[in-house]
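The values are calculated or read from the model by the stated rules, or taken from the named source; none is laboratory data. These numbers come from a predicted model, not from an experiment. Glycine gets a Cβ as well: all are built from the backbone with ideal geometry, and neighbour counts include every protein chain shown.
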Amino acid sequence: MALLQIAEPGESTAPHQHRLAVGIDLGTTNSLVATVRNSVPVVLNDEQGRALLPSVVRYGADGGVVVGHAAQSAQAQDPRNTIASVKRFMGRSLSDVAHVESMPYVFEDAPGMVRLRTAQGAKSPVEVSADILRALRSRAEDSLGGPLTGAVITVPAYFDDAQRQATKDAARLAGLEVLRLLNEPTAAAIAYGLDNASEGLYAVYDLGGGTFDISILKLSRGVFEVLATSGDAALGGDDFDHRVYCWLIEASRIGPPGLEDMRLVHMEARRAKEVLSAQDSVHVGVKLSTGDEIDLTLTRADFAAMTQKLVDKTLAPTRKALRDAGLSPQDVKGVVMVGGATRMPHVQRAVGEFFGQVPLTNLDPDKVVAIGAAIQANVLAGNRSAGEDWLLLDVIPLSLGLETMGGLVEKVIPRNSTIPTARAQEFTTFKDGQTAMAIHVLQGERERVSDCRSLARFELRGIPPMAAGAARIRVSFQVDADGLLSVSAREMTTGVEARIEVKPSYGLADDEVARMLKDGFEHAQEDMKARALAEQRVEAQRLHDATVAALLADGDLLDTSERAVVDASLAALATAVKGEDVAALKQAINDAGRATDEFAARRMNRSIQRALAGRSVESL
Amino acid sequence: MGVTLTEKAARHVAGFIAKRGRGVGLRLGVRTSGCSGMAYKLEFADDLAPEDLVFESHGVKVLIDPQSLPYIDGTELDFVREGLNEGFKFNNPNVKDECGCGESFNV
């Protein structure tokens with residue numbers, strides 16, 4: 001018979017109506033699945049009692065797909081068909097992936113997202129992630145005794161649209177209903193019950209196997225808002241292992257080891273690191289295949305000293321996130337530690353000193369994200385009364401905007417806006433009789449299109465022919481709770497509309513997000529000048545085109561010498577447009593304006609005369 | 001007669017209540033629903049109702065409303081593990097037939 005769980009008072013479900021919901025931490029190195037059972041959030045273990053599922057998938061030549069520990073142990077013998085850390089490729093094109101040459105995979109560039117060639121054909125990162133999710137789903141269904149209603153899946157706060165969409169697609173492929181994508185730091189805060197805590201600012205310090213993320217959250221009236229995120233995509237616990245590894249090799253005075261010995265020493269280095277989180281010293285004794293021996297003792301103090309630089313490296317992004325949020329360390333009310341590497345005492349000490357308080361470490365740092373996701377999933381699946389419901393707010397990592405004339409970006413939704421959000425802005429036509437408008441959606445902080453990331457393009461057609469500037473085109477940006485963008489454009493007088501769900505062809509690397517942010521700050525001055533220049537160019541071009549059109553229509557109003565003056569001013573304008581000098585361009589625009597003043601006045605007279613021709617004063 | 005918990009069930013209930021942070025005991029009962037007429041109710045109890053019948057088993061209080069008792073009198077609640085799944089199981093001597101999954105039953 002079915003096994004029952006204890007419900008909250010008055011909330012026993014009807015038979016066959018269990019809403020089984022899980023939270024999934026789909027990590028770069030390891031993944032976990034958790035649920036709320038008997039009102040207690042728990043991580044679900046596999047048959048061997050292991051909570052972590054290595055995020056590794058092996059595609060065998062025999063057609064078998066192996067996920068987790070078994071795939072991980074095959075990594076050395078079959079590196080090409082064994083995909084690890086696939087999260088780094090989610091929603092990325094080949095050009096976005098850093099260090100392609102140092103990875104054992106055969107990459108294929110495909111439209112939208114990179115593919116990995118395996119014994120079972122080309123696999124997209126979405127498919128690989130789906131295999132990981134499928135393994136977690138079957139673990140969950142075996143543990144809970146029934147099909148899942150849905151899942152909350154966590155993603156890094158800086159994940160862009162493409163990466164979030166790719167994650168959702170992977171879940172769908174694995175047969176999981178996504179209740180919500182949840183930012184990892186927000187999940188960690190929920191696991192610590194900070195949503196029930198007093199209002200204030202919290203920092204989430206997440207040092208995982210290979211990545212570091214810092215997030216600043218604001219809790220007000222039970223609502224979480226991510227104020228800022230920062231991090232280092234190439235810094236994690238593995239770097240600490242590597243530091244110990246190097247020390248073991250150097251201190252033992254042995255040459256560069258072979259592949260097998262390297263793995264052995266690396267494993268010992270990792271073990272030593274882990275032991276030092278609990279003990280003051282550790283002995284490392286390894287015999288290598290070359291006959292060389294490592295026989296060393298490492299103390300906690302020495303380990304701390306040799307890895308202090310790595311710890312310090314996490315503090316720079318931490319400072320930056322605080323600066324982005326306009327805060328100082330003292331403003332932070334609580335610090336949540338996430339990721340196995342935060343078990344190291346000197347990491348905890350450094351974070352404690354930085355924020356001037358003891359960080360929260362009483363939950364297992366490997367599990368806190370999954371647990372927070374499970375708590376959220378339980379609420380979203382309807383297993384808690386409405387009164388206890390809460391709303392989560394996240395932010396957009398980079399501004400979203402549109403291309404306008406002159407290759408400039410008009411920001412519609414600024415960076416760090418909370419989502420879900422919707423904003424609209426009105427645009428107009430540039431040319432007389434313009435009947436279509438290209439909408440180019442961009443993400444980034446810079447002023448020029450070429451410095452931002454292109455997300456999507458579409459066209460609004462069927463604009464009635466009108467004079468330039470007369471059409472009113474309302475462009476609306478909408479970002480849903482999962483951070484996915486849809487853009488629509490509507491011509492207000494006729495109601496013609498075009499829209500696009502931004503399922504961007506590819507997204508931004510997190511270090512690219514960081515770089516773009518940094519560029520945005522560093523180039524602010526330069527960008528301002530570029531914007532001024534581009535704006536003047538647009539104005540010059542408009543004046544030039546209008547004058548040419550007028551000359552065509554009413555050129556007979558000018559005598560030869562007058563015509564020469566206007567032509568000269570047009571030529572000057574055309575030259576200035578090509579130059580980089582904003583002041584010269586402004587001057588040329590003013591000169592051309594003055595040169596055509598008289599001409600414009602005569603045209604005005606003529607059109608009035610035409611309008612009045614043959615009509616008596618009385619009829620006016 | 002009343003209702004009892006196996007020692008294992010009692011240990012788990014006590015553990016869950018401790019982790020949950022509140023609760024005076026466990027409430028068992030039946031409701032009319034499900035494919036075979038009756039369904040079990042298994043909930044945490046935060047308050048004791050005046051009409052509740054209270055049984056104590058291995059240090060855990062089991063609360064039952066008087067109307068439910070005839071259907072589950074003599075039941076032993078066990079905690080079992082089946083593969084990866086684990087949970088509570090009613091060993092109810094009153095049951096004449098139950099639906100395939102055992103979530104609802106008839107007396």
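The set of residues in the stretch A:250-273 that are buried (at least 17 other Cβ atoms within 10 Å of the Cβ) and free of Cβ contacts under 8 Å to residues at least 24 places away in the same chain is empty.
Out of A:GLY433, A:GLY406, one residue alone is in a loop (DSSP other than H, G, I, E, B), out of contact with any helix residue (DSSP H, G or I) (no Cβ under 7 Å at 6 or more places or on another chain) and at pLDDT 80 or above. It is A:GLY433.
Taking the criterion of being touching a residue at least 24 places away in the same chain (Cβ under 8 Å), within 21 Å of the chain's Cα centre (by Cα) and not in a loop (DSSP other than H, G, I, E, B), the residues of the stretch A:110-129 that qualify are A:PRO125, A:VAL126, A:GLU127, A:VAL128, A:SER129.
Pairs meeting the criteria (first residue in the stretch B:66-79 and in a helix (DSSP H, G or I), second residue surrounded by 15 or more Cβ atoms within 10 Å (Cβ to Cβ) and polar (S, T, N, Q), beta carbons under 7 Å, at least 6 apart or on different chains) are B:TYR71/B:ASN94; B:ILE72/B:ASN92; B:ILE72/B:ASN94. From the list A:ARG453, A:ARG461, the lone residue that is surrounded by 13 or more Cβ atoms within 10 Å (Cβ to Cβ), of a type outside the set (Val, Ile, Thr) and in contact with a strand residue (DSSP E or B) (Cβ under 6 Å, 6 or more places away or on another chain) is A:ARG453.
Evaluated against (1) surrounded by fewer than 22 Cβ atoms within 10 Å (Cβ to Cβ); (2) in contact (Cβ under 8 Å) with a residue 24 or more places away in the chain; (3) of a type outside the set (Phe, Trp, Tyr); (4) within 14 Å of chain B (Cβ to nearest Cβ), A:GLY63 falls short on exactly one condition, (4). Annotation: of all residues in the stretch A:59-87 being closer than 17 Å to A:ARG263 by Cβ and assigned to a strand (DSSP E or B), the one that is nearest to the chain's Cα centre (by Cα) is A:ALA84.
Rundown of residues vs (1) modelled with pLDDT of 90 or more; (2) away from every other protein chain (no Cβ under 14 Å); (3) crowded, with 22+ Cβ neighbours inside 10 Å, yes/no style:
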residue	(1), (2), (3)
A:GLY68	yes, yes, yes
A:GLN72	yes, yes, no
A:GLN77	no, yes, no
A:ILE83	yes, yes, yes
A:LYS87	yes, yes, yes
A:GLY91	no, yes, yes
A:SER95	no, yes, no
A:ALA140	yes, no, yes
A:THR149	no, yes, no
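Mind checking which residues of the stretch A:578-597 are assigned to a helix (DSSP H, G or I) and more than 20 Å from A:ALA550 (Cα to Cα)?
Result: A:LYS578, A:VAL582, A:ALA583, A:ALA584, A:LEU585, A:LYS586, A:GLN587.
Counting only strands (runs of 3 or more DSSP E) that sit wholly inside the stretch A:241-348, those with at least 1 residues that are in contact with a Leu (Cβ under 7 Å, 6 or more places away or on another chain) and charged (D, E, K, R) are A:332-338. Scanning the stretch B:44-65 for residues that are acidic (Asp, Glu) and within 13 Å of chain A (Cβ to nearest Cβ) yields a count of 4. Scanning the stretch A:303-322 for residues that are without any contact (Cβ under 8 Å) to a residue 12 or more places away in the chain and surrounded by 14 or more Cβ atoms within 10 Å (Cβ to Cβ) yields one hit, A:ARG319. Out of everything in the stretch A:189-210 that is more than 21 Å from A:ARG323 (Cα to Cα) and within 18 Å of the chain's Cα centre (by Cα), what residue ends up being surrounded by the most Cβ atoms within 10 Å (Cβ to Cβ)? Looking at residues that are more than 21 Å from A:ARG323 (Cα to Cα) and within 18 Å of the chain's Cα centre (by Cα), I get A:GLY208.
Of all residues in the stretch A:448-471, which are of a type outside the set (Asp, Glu), under 30 Å from A:ASP527 (Cβ atoms) and assigned to a strand (DSSP E or B)?
To start, the set of residues in the stretch A:448-471 that are of a type outside the set (Asp, Glu) comprises A:448-450, A:452-458, A:460-471.
Still in the list and also under 30 Å from A:ASP527 (Cβ atoms): A:448-450, A:452-458, A:460, A:468-469, A:471.
Once the filter is applied, which keeps residues that are of a type outside the set (Asp, Glu), under 30 Å from A:ASP527 (Cβ atoms) and assigned to a strand (DSSP E or B), the stretch A:448-471 yields A:ARG448, A:ARG453, A:SER454, A:LEU455, A:ALA456, A:ARG457, A:PHE458, A:LEU460.
Among the residues making up the stretch B:7-27, those that are within 10 Å of chain A (Cβ to nearest Cβ) and within 11 Å of the chain's Cα centre (by Cα) are B:VAL13, B:LEU26, B:ARG27.
Go over the candidates A:ALA601, A:ALA571 one by one and state the one that is modelled with pLDDT under 85, of a type in the set (A, V, I, L, M, F, W, C) and within 55 Å of the chain's Cα centre (by Cα). Working first, answer last.
Values: A:ALA571 fails: modelled with pLDDT under 85.
Step by step, each of A:ALA601, A:ALA571 is checked, and only A:ALA601 is modelled with pLDDT under 85, of a type in the set (A, V, I, L, M, F, W, C) and within 55 Å of the chain's Cα centre (by Cα).
Between a first residue in the stretch A:179-199 that is free of Cβ contacts under 8 Å to residues at least 40 places away in the same chain and a second residue that is surrounded by fewer than 24 Cβ atoms within 10 Å (Cβ to Cβ), which pairs have beta carbons less than 6 Å apart while being 6 or more apart in sequence or on different chains? Final answer for the pair search is A:GLU199/A:LEU219; A:GLU199/A:SER220.
The set of residues in the stretch A:124-142 being of a type in the set (Gly, Ala, Ser) and touching a helix residue (DSSP H, G or I) at 6+ places or on another chain (Cβ under 8 Å) consists of A:SER129, A:ALA130.
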